[in-house]
Amino acid sequence: MPGVAHTRRPGAPSAGIPTGFFDLAHTQRAHRAFGADPVPDEVVARILAAAVCAPSAENAQPWEFVVVRDVRLREAIGELTARVWTSGAREAVAGTLSPTLLADVDAGARGGVANAPVLVVVCAHLRRCRPDTVGSSIFPAVQNILLGAAASGLGAALTTLPTVADGPLSELLGLPAEVRPVAVVPLGHPARPLGPPRRDPFEHHTHRDRYGTPW
């Protein structure tokens, strides 16, 4: 809400490294700039093992993960992301983002995200779920990836820009027709520390029994 003071929420950590679920939830940020240090396979495996613990519609578990380390593939995904961003996506959101956030997203879309040492392309296998349940099945797994990355001391972010042009992305990754890319999550060591996320207190968007009755 415009003009709302952003105060620390009950249960939010005051400082330090996240140590539990609520710490992670209150400190998770979207990282779009990464260092060059590698991310070991065992760390990626631990994060993806958490991802598949997420709920999915009818327990269909339609997720498929393509872990991209190859430099040329990451560069190609970065070029695709930048093309989608500059061909209309940036203009569409420019009026709704603060200048600081727009600059951060802009830098990420123009190469920062693709510079992460690992890109996890999260896909949906359409033979294992109905089209109307793709989002409800895939995005909980993505959130587990984001939390798992934070718990591992890594930065991560959710982007769907390269999936807007899902044809070229599918071709790059050799995806069969029944597997659709839904999101791309970069994983890497943050290039810089970020402060806590700025969010309205939950009370400003919570109602008791009926809409409009304050919490």
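Restricting attention to the stretch 111-146, and to residues there that are assigned to a loop (DSSP other than H, G, I, E, B) and small (Gly, Ala, Ser), which single residue is surrounded by the fewest Cβ atoms within 10 Å (Cβ to Cβ)? Steps first, please.
Restricting attention to the stretch 111-146, the residues satisfying the condition of being assigned to a loop (DSSP other than H, G, I, E, B) are 113-117, 126-130.
In the following step, the residues that additionally are small (Gly, Ala, Ser) were identified as 114, 116.
Working: ALA114: 25, ALA116: 31.
Across the stretch 111-146, the extreme among qualifying residues is ALA114.
Taking the stated definitions as given, is SER136 modelled with pLDDT of 95 or more and out of contact with any strand residue (DSSP E or B) (no Cβ under 9 Å at 6 or more places or on another chain)?
Details: modelled with pLDDT of 95 or more: yes; out of contact with any strand residue (DSSP E or B) (no Cβ under 9 Å at 6 or more places or on another chain): yes.
It is true that SER136 is modelled with pLDDT of 95 or more and out of contact with any strand residue (DSSP E or B) (no Cβ under 9 Å at 6 or more places or on another chain).
Going by what's in this entry, would GLY148 be described as within 26 Å of PHE21 (Cβ to Cβ) and either of a type outside the set (Gly, Ala, Ser) or touching a residue at least 60 places away in the same chain (Cβ under 8 Å) (or both)? Spell out how you get there, then give the answer.
Details: within 26 Å of PHE21 (Cβ to Cβ): yes; either of a type outside the set (Gly, Ala, Ser) or touching a residue at least 60 places away in the same chain (Cβ under 8 Å) (or both): yes.
So GLY148 passes the test.
Take SER137 and tell me if it is hydroxyl-bearing (Ser, Thr, Tyr) and closer than 17 Å to THR27 by Cβ. Quick ask: steps written out before the conclusion?
Numbers: hydroxyl-bearing (Ser, Thr, Tyr): yes; closer than 17 Å to THR27 by Cβ: no.
Considered against the rule, which asks whether it is hydroxyl-bearing (Ser, Thr, Tyr) and closer than 17 Å to THR27 by Cβ, SER137 comes out as no.
Of all residues in the stretch 12-36 being over 23 Å from THR100 (Cβ atoms), at pLDDT 85 or above and not aliphatic (A, V, I, L, M), which is surrounded by the most Cβ atoms within 10 Å (Cβ to Cβ)?
The selected residue is ASP23.
Quick one: LEU187 ticks every box in (1) in a strand (DSSP E or B); (2) of a type outside the set (Phe, Trp, Tyr); (3) within 19 Å of HIS125 (Cβ to Cβ) except a single one, so which number is it?
All conditions are met except number (3).
Considering only residues that are more than 22 Å from GLY167 (Cβ to Cβ) and either in a helix (DSSP H, G or I) or of a type in the set (D, E, K, R) (or both), which ones fall in the stretch 92-110? Steps first, answer last, please.
Looking only at the stretch 92-110, we keep the residues that are more than 22 Å from GLY167 (Cβ to Cβ), and these are 93-108.
Matches in the stretch 92-110: VAL93, PRO99, THR100, LEU101, LEU102, ALA103, ASP104, VAL105, ASP106, ALA107, GLY108.
Inspect the stretch 170-179 for any residue being in contact with a helix residue (DSSP H, G or I) (Cβ under 8 Å, 6 or more places away or on another chain) and under 23 Å from HIS26 (Cα atoms) and give the result as yes or no.
no
Only one of ASP37, ASP70, ASP106, ASP23 is within 17 Å of the chain's Cα centre (by Cα) and of a type in the set (D, E, K, R); which? Walk me through it before giving the result.
Working: ASP37 fails: within 17 Å of the chain's Cα centre (by Cα); ASP70 fails: within 17 Å of the chain's Cα centre (by Cα); ASP23 fails: within 17 Å of the chain's Cα centre (by Cα).
That would be ASP106, the only listed residue that is within 17 Å of the chain's Cα centre (by Cα) and of a type in the set (D, E, K, R).
Might you check whether a residue that is part of a helix (DSSP H, G or I) and not aliphatic (A, V, I, L, M) occurs anywhere in the stretch 48-60? Spell out the reasoning first.
Restricting attention to the stretch 48-60, the residues satisfying the condition of being part of a helix (DSSP H, G or I) are 48-51, 57-59.
Adding the requirement that they be not aliphatic (A, V, I, L, M) leaves 58-59.
Yes; the residues of the stretch 48-60 include at least one that is part of a helix (DSSP H, G or I) and not aliphatic (A, V, I, L, M).
For THR163, only one of the following conditions fails: (1) in a helix (DSSP H, G or I); (2) in contact (Cβ under 8 Å) with a residue 40 or more places away in the chain. What is its number?
Every condition holds for THR163 apart from (2).
What number of residues in the stretch 37-66 are over 29 Å from ARG199 (Cα atoms), touching a strand residue (DSSP E or B) at 6+ places or on another chain (Cβ under 8 Å) and surrounded by fewer than 16 Cβ atoms within 10 Å (Cβ to Cβ)?
1
The values are calculated or read from the model by the stated rules, or taken from the named source; none is laboratory data. This structure is a prediction, so every number in the text was calculated from the model and none was measured. Because the Cβ atoms are built from the backbone with ideal geometry, glycine has one as well, and the counts that use them run over all protein chains shown.
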